[in-house]
Amino acid sequence: MKELLSPIFPEELIEAKELEEITEHKKYQESIFSGYYDYTEVYHSKFISCNFQDATLQGLDLTDCELDCCNLSNQSFHNRSLQRVYIKNCTLVGVDFTDGYLENVEFLDCNLSYSNFSTTHLKNVRFKGCNLKESTFSNVKWKNLFLEEDDLSETEWYHTKLQGLDVSKCNITQIKVEINNLKGLQVSLEQALSLSTLLGIIIK
């Protein structure tokens, strides 16, 4: 399995509370963000137990960042860039990633249910132990997408080619895909039996 590039941090980070238009080398801990952030760029920074629920994110790009135990539910990363970002134990319910670019991004044990990745470019992206229930991955362009022990139940994958994608260790109950895009999808035997209904096959 391909190793993702990890975020790069300086030896020391500066404690901070507020985001600046260009933010570098900062550490935010238990911060509550409630401002309007328009085209904000963050580099080499960490967010620990932060809450973004009351913030308005119109443009937040993250490069070489780590987010741990943060709440970004219902926020928007529409048409934004995330590169070399590590996101763990975060709540990202209903987050909008549409038209975005994610490269070398890892989501670990996150709640991403109802999130939207439509028309997003995903390169070297890993979801591990995540809840992605009822999320949307339509019209996604991807390379090196890794799904490990995730809940993909009722997710939508319309107009997204699945050849080479391994979901064998995930829950794919009621996954929504097009028959012509199933070719090359890597599944377990049990999953193959459940997907056979899409082909109109009756197994006795």
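Take Lys26 and decide whether it is buried (at least 18 other Cβ atoms within 10 Å of the Cβ), modelled with pLDDT of 90 or more and either under 20 Å from the mean Cα position of the chain (by Cα) or charged (D, E, K, R) (or both).
On the way: buried (at least 18 other Cβ atoms within 10 Å of the Cβ): yes; modelled with pLDDT of 90 or more: yes; either under 20 Å from the mean Cα position of the chain (by Cα) or charged (D, E, K, R) (or both): yes.
Answer is yes for this residue.
How about the stretch 143-171: which of its residues are closer than 15 Å to Thr120 by Cβ, buried (at least 18 other Cβ atoms within 10 Å of the Cβ) and in contact (Cβ under 8 Å) with a residue 24 or more places away in the chain?
Result: Trp157, single match.
Kindly provide the set of residues from the stretch 54-75 that are assigned to a strand (DSSP E or B) and either acidic (Asp, Glu) or at pLDDT below 95 (or both), ordered by number.
Of all residues in the stretch 54-75, those assigned to a strand (DSSP E or B) come to 56-57, 60-68, 71.
Hits for the stretch 54-75 are Thr56, Leu57, Leu60, Asp61, Asp64, Glu66, Asp68.
Enumerate the pairs (first residue in the stretch 128-142 and under 14 Å from Leu92 (Cα atoms); second residue anywhere and surrounded by 17 or more Cβ atoms within 10 Å (Cβ to Cβ) and among the aromatic types (Phe, Trp, Tyr)) with beta-carbon separation below 6 Å, excluding pairs fewer than 6 apart on the same chain, so at least 6 apart or on different chains.
Between residues of the stretch 128-142 that are under 14 Å from Leu92 (Cα atoms) and residues that are surrounded by 17 or more Cβ atoms within 10 Å (Cβ to Cβ) and among the aromatic types (Phe, Trp, Tyr), the close pairs are Cys130/Phe107; Glu134/Tyr114.
Report yes if Gln174 is in contact with a Ser or Thr (Cβ under 7 Å, 6 or more places away or on another chain) and either exposed (fewer than 14 other Cβ atoms within 10 Å of the Cβ) or not in a loop (DSSP other than H, G, I, E, B) (or both), otherwise no. Explain how you work it out, then say what you get.
Working: in contact with a Ser or Thr (Cβ under 7 Å, 6 or more places away or on another chain): yes; either exposed (fewer than 14 other Cβ atoms within 10 Å of the Cβ) or not in a loop (DSSP other than H, G, I, E, B) (or both): yes.
Spelling it out, Gln174 is indeed in contact with a Ser or Thr (Cβ under 7 Å, 6 or more places away or on another chain) and either exposed (fewer than 14 other Cβ atoms within 10 Å of the Cβ) or not in a loop (DSSP other than H, G, I, E, B) (or both).
(1) closer than 18 Å to Leu147 by Cβ; (2) in contact with a strand residue (DSSP E or B) (Cβ under 7 Å, 6 or more places away or on another chain): which one isn't true of Asp96, the others all being true?
(1)
The values are calculated or read from the model by the stated rules, or taken from the named source; none is laboratory data. Note that the coordinates shown come from a computational prediction; the quantities given were computed from them, not determined experimentally. No Cβ is skipped: glycine too gets one built from the backbone with ideal geometry, and neighbour counts run over all protein chains shown.
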